[in-house]
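As structure tokens, the structure follows; a few thoughts come after it.
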Amino acid sequence: MKLKRIVQFIASAITLGNYPAIWQGGIYQGPLKQGCVPILNCWGCPLSLFSCPIGALQHFFNLHLIPSYIAGFFGAIGTVVGRMACGWLCPFGLFQDLIYKLKTFKMRMPKFFSYIKYGVLIVIAGIIAWISGEPWFCKLCPAGYIEAGIPLVLADKTGDIKALVGWLFWIKMAILIIIINFSIFIKRFFCRAFCPIGAIYSIFNKFSMFQMKIDKEKCINCDSCQAVCPMHVPIQNSPHNIDCIRCLDCVKKCPTKAISYGAK
Amino acid sequence: MKRMILIVILLVIFIAGIIYGGKVGDFTETETVGSVMCLSCMGLQQ
């Protein structure tokens, strides 16, 4: 198994590490929730030990407060490693990586889809959250649905939670089914098109401390880097691409060792 | 060199943001809201 995959599994096991919830129920309530993980992670998930940064961002917007902590958190991580957390730590990214392995025909995502995530961030997680006082991205988030919504309904023995299922629950299910279906055919469809956390980190990809570098003299334009890339990034032409999650799969795949990385 | 200076300045600003946020109670607020099961966020309450 690749190192990246091992790290992804370990990160998911730690992020969703409140194992007593499996037999005790409820969600984790404690000081670890003061900390956010740098990836999409529903804090309503019974297994979740940490807070979701985009959920926290919306909460501060709901209260009409400046989110100094969350802005600093996103900024510090983005400045150091850009979008690397998406590639190595995100459980929902891992989920999409795995379902893309299903043997079927594959499709390419139109390039303009990559810009939808900025709309999701600014309009849904920003403006609407500020105006409505409700965390509307959470209400539509497919990661939250798979981590928290479905487990809570399935584990409900009394029927109290099942009685609360309404139209929004079914809309979330429809969103999840659409995302899963497209993720079978398109590499990391949600991360590339809709993830607001990816949108924030992608801004830092151009100038973060950690950078990808291409040796143009060694590159033979074989495109094997783009073929192996989980985000289908043409790294040979744009090493600072907004969708590069610095997973380093391309570095290993390059036959001429033209791709390098590091603090540059 | 210019990029490294920019990175250091940005890091100082962002870390200061985290520290300031902690001082004005952002950590506690995050813990409080993260410890409540938001049923409506899961589509379980309209």
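The numbers here are math on the coordinates, done by the rules we state, and not lab data. It should be emphasised that the depicted structure is a prediction, and the values quoted were computed from it without experimental measurement. Glycine gets a Cβ as well: all are built from the backbone with ideal geometry, and neighbour counts include every protein chain shown.
Below, the figures for the structure above:
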read-out	value
Verdict on A:C138 being among the hydrophobic types (A, V, I, L, M, F, W, C), in contact with a Cys (Cβ under 6 Å, 6 or more places away or on another chain) and in contact (Cβ under 8 Å) with a residue 40 or more places away in the chain	yes
Residues of the range A:149-158 satisfying the condition of being loosely packed, with under 13 Cβ neighbours inside 10 Å and either without any contact (Cβ under 8 Å) to a residue 12 or more places away in the chain or of a type in the set (V, I, T) (or both)	A:L154, A:K157, A:T158
Residue match in the range A:23-45 (condition: closer than 17 Å to A:F204 by Cβ, in contact with a Leu (Cβ under 7 Å, 6 or more places away or on another chain), surrounded by fewer than 22 Cβ atoms within 10 Å (Cβ to Cβ) and facing another protein chain (nearest Cβ under 8 Å))	no
The range A:159-204: number of residues that are aliphatic (A, V, I, L, M) and without any contact (Cβ under 8 Å) to a residue 24 or more places away in the chain	7
Contacts under 7 angstrom Cβ, first residue in the range A:58-71 being more than 7 Å from chain B (Cβ to nearest Cβ), partner buried (at least 22 other Cβ atoms within 10 Å of the Cβ) and of a type in the set (V, I, T), 6 or more apart	A:F60/A:I70
Tabulated pairs, the range B:23-44, first over 20 Å from A:K162 (Cβ atoms), second not in a helix (DSSP H, G or I), C-beta under 6 angstrom, 6+ apart or interchain	B:T30/A:S51; B:G34/A:W43; B:G34/A:S51; B:S35/A:Q29
Residue ranges of helices (runs of 4 or more DSSP H) in the range A:4-89 with at least 1 members under 20 Å from A:G198 (Cβ atoms), of a type in the set (V, I, T) and touching a helix residue (DSSP H, G or I) at 6+ places or on another chain (Cβ under 6 Å)	A:53-62, A:68-81
Residues of the range A:130-148 classified as among the aliphatic types (A, V, I, L, M) and surrounded by fewer than 23 Cβ atoms within 10 Å (Cβ to Cβ), total	3
Residue within the range B:32-40 that is under 22 Å from A:P67 (Cβ atoms) and within 11 Å of the chain's Cα centre (by Cα) present	no
Options A:P234, A:P239: the member that is under 30 Å from A:A125 (Cα atoms), crowded, with 16+ Cβ neighbours inside 10 Å and either within 23 Å of the chain's Cα centre (by Cα) or among the hydrophobic types (A, V, I, L, M, F, W, C) (or both)	A:P239
Of the criteria (1) surrounded by fewer than 21 Cβ atoms within 10 Å (Cβ to Cβ); (2) under 23 Å from A:G75 (Cβ atoms); (3) in contact with a strand residue (DSSP E or B) (Cβ under 9 Å, 6 or more places away or on another chain); (4) touching a residue at least 40 places away in the same chain (Cβ under 8 Å), which one A:R246 fails	(1)
